[in-house]
Structures are given as C-alpha cells and as structure tokens.
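Read through the structure below, which is laid out as structure tokens, and then see the notes.
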Amino acid sequence: MSKWFPGRRLSWLRLSILIVVVAALAFGAVFGWGWWQDQREASEQQPWSDGYVDVTATPSFAFESPGSDGPKNVVLAFVVGDPDAACRPAWGGVYGLDEAEDMLDLDRRLARLRNLGGSAMVSFGGQANSDLALECTDAGKLADGYRSVVDRYELASIDMDLEGEMLADAAAVERQARAIREVQAGASDGLDVWLTLPVAPDGLTAEGLDAVRSYLDAGVTVAGVNAMTMNYNSGLDEPLIDTVRGSLTAMHAQLRSLAQAAGVPMGEATAWSRIGATPMIGQNDVRDEVFTLADARALSAFAAENGLGRLSMWSLNRDRSCDANWPDPKQVSDSCSGVDQGDERFARTLAGERHGAIAQIAPSPQPEAPARGEVVDDPETSPYPVWNADAAYPAETKVVWRRNVYEAKWWTQNEQPDEPTESGAQPWRLLGPVLPGEKPIERPQLPAGVYPAWDHGTEYRQGDRVIFDGIGYEARWWTKGESPDAALVLPQNSPWRVLSDREVAEVQSAAAGE
C-alpha cells in the first residue's frame, strides 16, 4: 500500500484538507502576482494635476509664466473645425494654426512654458464648438487635420473632449476614433490619448460608454478617461463633493467592466490610475452647484487615496475671485470663479502633492545660449520690431529684445524689457523666445474707408474712431483739433489712443465677413 506520509494512513478527510491547502497556496501565488502586476501598471506614470486654459478667451491667461508656484501643466483648449473649411483645425473656430501664432503668439508661449519645465497637451472639441469629425467626413483629411496639430505643437498627449452634439453623433465619434488611431499609429514617439466625457451621479452616461467602446474597437490605446465632474443637473440631495466621489467610484467599476469585455482585464489600482477628474471650479453652469475650495481639498485627498492618474480643472482662466463689480455671483464668468478665494488658488489646492507631468516628447538638444552681451537682434529674423529706447510703445505693442518677444502692459518709453524698474512695476510681459526661422510679421492694416480720416475741424466724442497717416485711433474723450499722432509720444495726455493689432484684426475680420 502506497503512503502519502510515512507512518500515517491517508484518509479521505486528510486528502480533502491537503487539496484545499494546495489550492489556497496556488491561488495566493496567482493573486500575489496579479496584485504586483496591477501595482506596477498603475505606477507607470507619476500622477499629475493640470488645468484647462481657454486660449482664445479675453483677457488672455498667461499660462507661459506660471512663476515659482503656479500651474506648470496645462491643457490648451479648444481645437475645432474651421467654419469655412471643416477639415482644417482652428482654435475656437476663429484662429487657424498660423493665425494663432501671429495673433496669440501661441507657439512661442508654449515654447516658453516648456523651457520653464512645464508640460502641455491640446484638447479637441468642447461643448460650444464643432469638432473636426462632426463636419469633416473625408477620412484622410480628418486624420491629417488632427495630425497637423500634433506635429505643430510636438505633442505626446492629446485630450478628446466629447460632449454635446459631438457625443450624441455615434458616426462622428467612430470617424474620430479611426482618425486618432491612424495618428497614434504614426507617432514615432508615442501618443497618449485621453477621453474627456461627462458623468452622471452613477458614472459615465450611455453615450459616454459607447464612445469609449468606439475608441477601443478602433484600436486606439486609450491612456485614460477624464470625467467632467460638473453640472450634474439632477436635483442633488447631497453635497456636491459626495456626488463627485460617487460618480468617480461608479466610473471606476465601468472601466474595469469595459476592459474585461475587451479582453484586457484591468486591476483595481490600474483602473484608478487611468481615471482623471475635472471639476468646474466655483460657480457651475447649474446655479445650485458650487464647487468650493473645501470641495477641492476633499477631491485632492480622494484622488491621492485612490491613486487617480490625473486631476484637472475648468479653468485656469477662472482661478481667482470675481471683482466687486461682478453683478451676479451665480452667473458664470469666463475669467473668475464666483466664490471668494482670498489668497488661495484652486490649482494649488487640487494639485496637493501630485508632482508628475503630462507626457511630452523629449526635447532636442539646444545650442548653448550666447552670453548676455553677445545677443544681437536682427530685424530680418525678428517677428516684431527690435526694442528702441527712444521709441514710445502703447499697451499691447510687441517688440523683440535679446531674442525674446515682449508685450507692453501699458504705455512705456525707455524702460528696457528685461531690466527691473525703479518703481518695481514691470511694463513688459515676456511671451517667449524668437522661434527658429521666424521673419518679420506683416502687421494688420485697416481696410480702406472703414473709418473716416481725421479732420482738424470735426468734433469727436469718446469712442469715435478715425484714421490718421494710415493708423487707426479711438477718441478717449471729447476732442477737436488735437492731432491723433500725439498719442504715439504722450499717450497719457492725448485724447486719442492707438488701436491695438488685435482690434485692427477684429475690424479686418468683420469687414471680410460683410
């Protein structure tokens, strides 16, 4: 008779116990390996915080100058289809990629942010705009449109904001997913794709789930899903932060189910690392919903506890208290939060101890910068006039100085852009470096006849506009017989102010539209 253990008789009871023990040990080994693998995948990228920036909003948000403790990770929003050419990308439907550089200095501002150690990605779509895929039905041109943005801004990460009309159009979402798959496949340095989707208290909506499936079915490697934890509009009977946490927890389960159905099971920690959350800071579009600084602290703690990969906010443009003159705190503003923030900022509060960054393409080695005294500005390779100590510069005038571009905050003369002033109030804002291959930008000209020529004997009231020697001016108060060109020399005393390049461009655009 064979024996399992020396000197002991093998019984069915003992055999059953042995089988259970061996099975438990095997399960423990498999579970341990699965847990380790889950933790390893979850830690592939260090968690980060970022903030959306509406690059076409006024006043402009200086994302390129975050300072020592400002937000260094930004999501530039939104690229959509040009209303006049559906397959051509445009910022906010207004500025083509070249126009955004000429009018917004977007390329150089992005270069400056990265030079300071910041990171960025571009967001396509948004609620109020028309994504490229809605109107562009040519597969090749659609992919080319997305690719042109990725290549132009040297992106390793993009954000696809799917909501409103776009999210409701299943065919458009499928078109977009196929195009992004083509762009991702051709990206030699890789391309992280984040899907930004609305959530309800119980997680992603049916349309949101379908959008994720469309991307997975198209073969896109999805880096993560970013939940718009805002505007629930469902008569909440609990604090907003509780709804936010509940919707994220529900979405976590949904993503694991989607991954399981796609044949790529996802561990608990990995699923959390593939989730982002984007609250609308302060007053939401739903009047009864207000995301407070206390909510921001609670969400930051929740994100840290669960290991959310990304924590964002809408928007950096709004991250400040509204002025006392803002008439209705329940009315959403594009440039303030609607809550009293004091010295606290939502961006810093949400960030907490998150020190990661948006995935970026490794920068090319840069030539050693010349010594300060050796920098010589060449007008032939400078996009704007070289600064001159004898010239007077009205607000919003741009100049080049020591291979960097500066914009005047107010009228200034004989105040060197890169030197501190005696008053401590620096009249110049640094936009970024002169980029390789730049040439002088042709300044916008007023269309002929758009305003009357200035006349010595005519009375002008505040807001009246005229042309004098080809330059546009606007009356600051009642005036008669005072030549507008005095505004170029003594603007503080002149009843006239020079129209900015932006105002001239707006006049041009309006004239072209007519």
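A short reminder: the numbers here are calculations on the coordinates, not readings from a lab. Treat the numbers as computed from the prediction; the structure is a model and nothing was measured. No Cβ is skipped: glycine too gets one built from the backbone with ideal geometry, and neighbour counts run over all protein chains shown.
A full extension of the chain between residue 395 and residue 493 corresponds to an added length of 33.8 nm, given 0.36 nm per residue minus the alpha carbon distance. Counting beta carbons within 10 Å around each of 450, 75, 199 and listing the fewest first gives the order 450, 199, 75.
Would you work out the relative contact order for the chain, in percent, from Cα pairs under 8 angstrom that are 6 or more residues apart?
12 percent
Sorting 148, 234, 49 from the fewest to the most surrounding beta carbons within 10 angstrom yields 234, 148, 49.
Quick check: from the Cα gyration tensor, does the range 37-87 come out rounded (a/c under 1.5), prolate or oblate? Oblate, because a/c is 1.5 or more while a/b does not exceed b/c. Counting only aspartates and glutamates at least 8 places from residue 330 when in the same chain, those with an alpha carbon closer than 13 Å to its own are 285, 288, 289, 340.
Relative contact order, whole percent, for the range 37-170 stands at 23, derived from Cα pairs under 8 Å and 6 or more residues apart.
Summing +1 for each Lys or Arg and -1 for each Asp or Glu among the other residues whose beta-carbon sits under 14 angstrom from that of residue 247 gives -4.
Cβ-to-Cβ counts within 10 Å put 72, 409 in ascending order as 409, 72, the fewest first.
Sorting the segments 301-314, 259-272 by their mean number of nearby beta carbons within 10 angstrom, highest to lowest, gives 301-314, 259-272. Taking the alpha-carbon distance from residue 141 and a cut-off under 19 Å, which lysines remain once sequence neighbours fewer than 8 residues away in the same chain are dropped? Qualifying lysines at Cα under 19 Å: none.
Send over the semi-axes of the range 459-513's equivalent ellipsoid, whole angstrom and largest first, taken as the square roots of 5 times the C-alpha gyration tensor eigenvalues.
Equivalent ellipsoid semi-axes, largest first: 21, 12, 9 Å.
Here residue 398 is the anchor, and the lysines within straight C-alpha reach of less than 25 Å, apart from those fewer than 8 places off in the same chain, are 72, 409, 439.
Test of understanding: express the Cα radius of gyration of the range 372-433 as a ratio to 2.2 N^0.38 Å, with N the residue count. Walk me through the intermediate numbers first.
Numbers: Rg = 11.0 Å, N = 62, 2.2 N^0.38 = 10.6 Å.
It is 1.04.
If you take all other residues with their beta carbon under 14 Å from the beta carbon of residue 45, and give Lys and Arg +1 and Asp and Glu -1, the sum is 0. The rule of thumb for compact globular proteins, 2.2 N^0.38 Å, goes into the C-alpha radius of gyration of the chain 1.21 times.
For a quick check: with amide H placed at 1.01 Å from N, whose amide H comes under 5 Å from residue 499's, ignoring anything fewer than 5 positions away on the same chain? Residues meeting the criterion, in which the H sits 1.01 Å from N, are 472, 473, 474. Shown for the range 105-212 is the translational diffusion coefficient from the Stokes-Einstein equation, using the Kirkwood radius over Cα pairs, a temperature of 4 °C and a viscosity of 1.567 mPa s: 88 µm²/s.
Taking amide H as placed 1.01 Å from N in the peptide plane, the amide H of residue 204 sits under 5 Å from that of 251, each at least 5 places away or on another chain.
In debye to the nearest 20, how big a dipole does the range 157-201 give about its Cα centre with +1 on each Lys and Arg Cβ and -1 on each Asp and Glu Cβ?
That gives a dipole near 180 debye.
Using the Cα coordinates of the range 309-432, the gyration tensor eigenvalues translate into equivalent-ellipsoid semi-axes of 35, 24, 13 Å, sorted from longest to shortest.
Among the GluC sites (Glu not before Pro) found in the range 41-111, those both in a DSSP coil and sparsely packed, with 11 or fewer other Cβ atoms within 10 Å of their Cβ, are 44.
Fully extending the segment from residue 233 to residue 509 would add 95.6 nm, taking 0.36 nm per residue of separation and subtracting the current Cα-Cα distance. Placing one equal scatterer on every Cα of the range 48-351 and applying the Debye formula, the log10 ratio I(q)/I(0) at q = 0.10, 0.12, 0.15 Å⁻¹ is -0.52, -0.77, -1.25.
The range 448-486 and the range 248-296 have Cα centres spaced 56 Å apart.
Against the chain, whose longest principal axis is taken from its Cα atoms, helix 501-513 shows a tilt of about 80°. Extending 7 Å from the Cα toward the beta-carbon at both residue 480 and residue 441 defines two label points whose distance is 4.0 nm. Between the residues 284, 116, 349, the greatest Cα displacement towards the positive end of the dipole of the chain, with unit charges on the Cβ of Lys, Arg, Asp and Glu, is found for 349.
Here the range 48-351 carries DSSP beta bridges of which approximately 20% are antiparallel, counting only pairs with both residues inside.
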